[in-house]
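Heads up, the thing below is written out as structure tokens.
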Amino acid sequence: MVVIIGSGSGGGILAMELALANIPVTIIEKGPFINIKDAFNFYDEFDDKIDLLKTSCVGGSTVVAAGNGVRVLEKELNDLGINISNDLDEVEKLLSIHQMNDNCFGEGTRKIMDVAKDLKLNVEKMPKFIRDDDCIPCGRCSLGCLQNAKWSAMDFVKIAIDNGAELLCNTEVIDIAIDDKKVKGVYVRKNDEDKDKNEDYNNKDFIKSDLVILAAGAVDSAILLQKIGIKAGEKLFMDSFVTIGGKLENIKFNKEIQMNALIKGKNFILSPHYARFLANELKNEGIGQKDILGIMIKIPDDNYGKIRDGKVIKENSIKDIRFIAEGSATAGAILVEAGVDPNSIVSTNLRGAHPGGTAAIGEIVNKNLESEINGLYVSDASVLPKSPGAPPILTILALSKRLSKYIIKNYF
């Protein structure tokens, strides 16, 4: 039996591929099985020092993703001896990655794209895993799709279950059992709000397995690796970003499909983005939600973060701040040219969208994503060698698909 810890982009496709190959699979997810439209209720909470976007539920953070399917780190992984080009092709076909039809673009996004082209910037439609015919634009992509019009890892988990996989949701892995450098299984605890969560080993159960795949995300995977003495979590990136925006009367951008265009700079990417933090700030100036146009600025930040005692610590380098400033200046110029009142433009605080790098390939895992513990693999954003500065879902899926082929060939 294969135990997969986590059901997001890394764990979901592994579970599906292994189950389709008639391999016994147990998926362990610490969050609940949710209705996609309620996904906004399952964002994890962090302290005031960091604003990091991640969720705990079946499907992981894919349930609140904007549906962006970009290929990232393909060359960097190839330089490490990992060719995922064919796997990326297969994943793009699985998710029906495409640029959305013209009628899926609202006035705000079109204005941003037109101005960016006039400014001679590199602009294109964002590749998406959203089904055009099912989508009724509502601006809720990062809160949970009301129409269930986009792919999420929950789709793959359901296929895995239909093919014999077992899902244990609301169940937390609290430790990994090893003996003589070999994995032997995992200790789990059913999540129950009535229990004292400080008592880590109360009501624990043991699930035996000689093959365990960590796909719990860069934070939780690192915490579990640290528990067994592996020095994960010494580095952390999070694709730092801000969103800036201001007043453009009656643009109704808040109801558009978010991040439906991609503007590539040398040190940043820009994408049309409505942030409720902007709305809260501008509300004080009497500016309504339908009167806001915004752009996200995202950078490939340095991995100046770490996981310590279960907490995320993140600092940004001078280079990171410079890249954010460059991107913000470009975004500001686009907004003003698009008709936004320059005196109304405000910014969110610095946030993180895609934590990763805590168990990087070549440092914590090998080219086959196996750790120093025989039979213990990691397949999520933890293994990425550097910040992509763009959504990494496709690359994580491709790495996990590659790993599923390796496991099928070498273990079964």
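Which one is farthest from ASN22 (Cα to Cα), of the residues in the range 141-166 that are open to solvent by 40 Å² or more (accessible area, probe 1.4 Å) and not in a loop (DSSP other than H, G, I, E, B)? If we take residues in the range 141-166 being open to solvent by 40 Å² or more (accessible area, probe 1.4 Å) and not in a loop (DSSP other than H, G, I, E, B), then ASP155 is farthest from ASN22 (Cα to Cα).
Just one of the numbered conditions (1) open to solvent by 20 Å² or more (accessible area, probe 1.4 Å); (2) under 23 Å from GLU234 (Cα atoms); (3) modelled with pLDDT of 95 or more; (4) of a type in the set (Val, Ile, Thr) is not true of ILE408: (2).
Whether any residue in the range 306-316 is farther than 18 Å from LYS111 by Cβ, touching a Phe, Trp or Tyr at 6+ places or on another chain (Cβ under 6 Å) and surrounded by fewer than 24 Cβ atoms within 10 Å (Cβ to Cβ) is what I want to check. Quick ask: steps written out before the conclusion?
Within the range 306-316, the subset farther than 18 Å from LYS111 by Cβ is 306-316.
Filter again for touching a Phe, Trp or Tyr at 6+ places or on another chain (Cβ under 6 Å), leaving 315.
After this cut, where a residue has to be surrounded by fewer than 24 Cβ atoms within 10 Å (Cβ to Cβ) as well, the list is 315.
Yes, the range 306-316 has at least one match.
Is it fair to say GLY327 is open to solvent by 20 Å² or more (accessible area, probe 1.4 Å) and either more than 30 Å from SER221 (Cα to Cα) or in contact with an Asp or Glu (Cβ under 6 Å, 6 or more places away or on another chain) (or both)? No: the conditions fail for GLY327.
For the range 79-90, residues that are more than 22 Å from PRO127 (Cα to Cα) and free of Cβ contacts under 8 Å to residues at least 12 places away in the same chain total 1.
Within the range 346-356, can you find the residues that are open to solvent by 10 Å² or more (accessible area, probe 1.4 Å) and under 18 Å from GLY217 (Cα atoms)?
Keep residues of the range 346-356 that are open to solvent by 10 Å² or more (accessible area, probe 1.4 Å), which gives 346-351, 353-355.
Result: ARG351, ALA353, HIS354, PRO355.
For the range 371-387, the tally of residues that are touching a Gly at 6+ places or on another chain (Cβ under 9 Å) and crowded, with 24+ Cβ neighbours inside 10 Å stands at 8.
Per-residue answers, yes or no, for (1) of a type in the set (Asp, Glu); (2) within 30 Å of SER209 (Cβ to Cβ):
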residue: PHE129; (1), (2): no, no
residue: ASP133; (1), (2): yes, no
residue: ARG140; (1), (2): no, no
residue: ALA153; (1), (2): no, yes
residue: ASN163; (1), (2): no, yes
residue: LEU167; (1), (2): no, yes
residue: THR171; (1), (2): no, yes
residue: LYS181; (1), (2): no, yes
residue: ASP192; (1), (2): yes, yes
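Quick check on ILE97: is it closer than 24 Å to LEU211 by Cβ, of a type in the set (Val, Ile, Thr) and in contact with a strand residue (DSSP E or B) (Cβ under 7 Å, 6 or more places away or on another chain)? Considered against the rule, which asks whether it is closer than 24 Å to LEU211 by Cβ, of a type in the set (Val, Ile, Thr) and in contact with a strand residue (DSSP E or B) (Cβ under 7 Å, 6 or more places away or on another chain), ILE97 comes out as no. Of all residues in the range 20-35, those that are small (Gly, Ala, Ser) and over 16 Å from ILE5 (Cβ atoms) total 1.
Determine, yes or no, whether ILE36 is over 25 Å from ASN267 (Cα atoms) and of a type in the set (Val, Ile, Thr). Walk me through how you get there before you give the answer.
Numbers: over 25 Å from ASN267 (Cα atoms): yes; of a type in the set (Val, Ile, Thr): yes.
When the stated conditions are applied, ILE36 passes them.
Please determine whether any residue of the range 10-27 is without any contact (Cβ under 8 Å) to a residue 12 or more places away in the chain, closer than 26 Å to ASP309 by Cβ and either assigned to a loop (DSSP other than H, G, I, E, B) or open to solvent by less than 20 Å² (accessible area, probe 1.4 Å) (or both).
At the first step, the residues of the range 10-27 found to be without any contact (Cβ under 8 Å) to a residue 12 or more places away in the chain are none.
Within the range 10-27 (the criterion being without any contact (Cβ under 8 Å) to a residue 12 or more places away in the chain, closer than 26 Å to ASP309 by Cβ and either assigned to a loop (DSSP other than H, G, I, E, B) or open to solvent by less than 20 Å² (accessible area, probe 1.4 Å) (or both)), the answer is no, since none of the residues qualifies.
Being at pLDDT 95 or above and part of a loop (DSSP other than H, G, I, E, B) holds for only one residue in ILE230, ILE244, ILE178, and it is ILE230. Taking the range 43-78 as the range and being open to solvent by 60 Å² or more (accessible area, probe 1.4 Å) and either over 20 Å from THR395 (Cα atoms) or in a strand (DSSP E or B) (or both) as the test, the residues that pass are TYR43, GLU45, PHE46, ASP47, ASP48, LYS49.
Just wondering, is there one or more residues in the range 337-347 that are under 25 Å from VAL242 (Cα atoms), of a type in the set (A, V, I, L, M) and without any contact (Cβ under 8 Å) to a residue 12 or more places away in the chain? The answer is no; no qualifying residue exists.
Filtering ASN368, ASN343 for residues that are in contact with a helix residue (DSSP H, G or I) (Cβ under 7 Å, 6 or more places away or on another chain), modelled with pLDDT of 95 or more and open to solvent by 10 Å² or more (accessible area, probe 1.4 Å) leaves a single hit, ASN368. Taken as a whole, the condition of being open to solvent by less than 30 Å² (accessible area, probe 1.4 Å) and at pLDDT below 95 does not apply to CYS138.
Of all residues in the range 393-405, those that are open to solvent by 10 Å² or more (accessible area, probe 1.4 Å) and either in contact with a Pro (Cβ under 8 Å, 6 or more places away or on another chain) or not basic (Lys, Arg) (or both) total 2. The condition of being under 22 Å from SER382 (Cα atoms), among the β-branched types (Val, Ile, Thr) and in a helix (DSSP H, G or I) holds for only one of VAL91, VAL115, that being VAL91.
Of the residues GLY67, GLY106, which is at positive phi and touching a residue at least 12 places away in the same chain (Cβ under 8 Å)? Talk me through it step by step, then tell me what you get.
Values: GLY106 fails: at positive phi.
Going through GLY67, GLY106 in turn, the sole match is GLY67.
The values are calculated or read from the model by the stated rules, or taken from the named source; none is laboratory data. As the structure is a computational prediction, the values presented were derived from the model and not from experiment. In this analysis, Cβ positions are derived from the backbone assuming ideal geometry, glycine residues included, and neighbour counts consider all displayed protein chains. These accessible areas exclude ligands, DNA and RNA; they are computed on the full protein's heavy atoms, side chains included. Shrake-Rupley method; radii C 1.70, N 1.55, O 1.52, S 1.80 Å.
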